[in-house]
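A short worksheet on the structure shown next.
The values are calculated or read from the model by the stated rules, or taken from the named source; none is laboratory data. Computed from a predicted structure; not experimentally measured. With ideal geometry, Cβ positions are generated from the backbone for all residues, glycine too; neighbour counts draw on all protein chains shown. Quick note on the areas: whole protein, heavy atoms, side chains included, nothing else; ligands and nucleic acids left out. Shrake-Rupley method; radii C 1.70, N 1.55, O 1.52, S 1.80 Å.
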Amino acid sequence: AVFGGFVLVGVVLWWNVWVTGHPTTTFTCQCGDPSQELWFLTWTPWAIIHGHSPFLSNAIFAGQGGANEMVNTSWMLPSVVLSPITWLFGPIASFNVAATLSPAISAWCLFVAARRVTTLVPAQILAGLLYGFSPFVLQNDPFGHLNFTLLFFPPLLFILLHDLLVTHRRSPTRIGVWLAVLVVAEFFTSTELLAMSVLVAVLTL
């Protein structure tokens with residue numbers, strides 16, 4: 001129910017896409033970056049299916065050496081997850097789904113993390129809203145900056161470290177495995193956010 005409420009907030013934010021527009025042809029923003037993000041959405045699954053390296057491409061900036069996807073905001077993992085929508089309805093539809101769901105997913109992850117430190121449900125929901133729909137997220141969301149709007153990593157990192165250091169609800173080995181999976185997932189989503197989160201976590205510990 002909470003996640004559904006967060007998704008509803010996302011739909012209201014992009015009313016011009018889902019209600020008054022059409023999600024396969026209407027952008028959240030008629031600005032510069034979304035066209036690049038559409039390419040990122042399309043390239044990784046296309047490269048994997050056709051046996052090309054998803055990390056390097058001459059299909060963009062051809063004649064100028066191509067592009068290294070690992071040093072660009074290519075968010076490879078989300079593009080693979082969204083690939084069925086891309087193939088069935090096109091990259092614009094995937095872009096709009098990502099722009100709508102990313103704040104909701106971020107908010108829900110923080111809501112789950114907040115449950116570790118408070119039993120007050122309204123406070124948990126408010127924490128999720130303030131995190132998932134913060135000015136930082138809302139500033140980046142129209143441009144399709146999924147690397148700065150899909151913020152699942154910090155709350156889930158907090159949950160695992162809280163289990164490891166405070167509650168001891170899971171074995172250290174199990175937590176270590178989940179930490180490794182989480183870091184790899186974030187590495188292929190946003191290396192910038194991964195670096196910032198690790199820095200904050202180290203300083204906090």
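So what is the accessible area of the stretch 83-171 per residue, in Å², with the probe set to 1.4 Å?
Numbers: 4010 Å² over 89 residues.
The answer is 45 Å² per residue.
Compute the Rg to Rh ratio over the stretch 28-147 from the alpha carbon atoms, using the Kirkwood formula for Rh, and round to two decimal places. Kindly include the intermediate steps, with their values, before the conclusion.
Working: Rg = 16.8 Å, Rh = 15.7 Å.
Using only Cα positions, Rg/Rh for the stretch 28-147 is 1.07.
For the chain, a Kirkwood radius taken over Cα pairs fed into Stokes-Einstein (25 °C, viscosity 0.890 mPa s) yields D = 136 µm²/s.
Note on Ser53 and Val184: the model spin-label points, each 7 Å out from Cα along the C-beta direction, lie 2.0 nm apart. Scanning the chain for DSSP H helices at least 15 Å long along the axis (C-alpha atoms) with a Kyte-Doolittle mean no lower than -0.5 picks out 2-13, 33-49, 91-114, 121-132, 172-187, 191-204.
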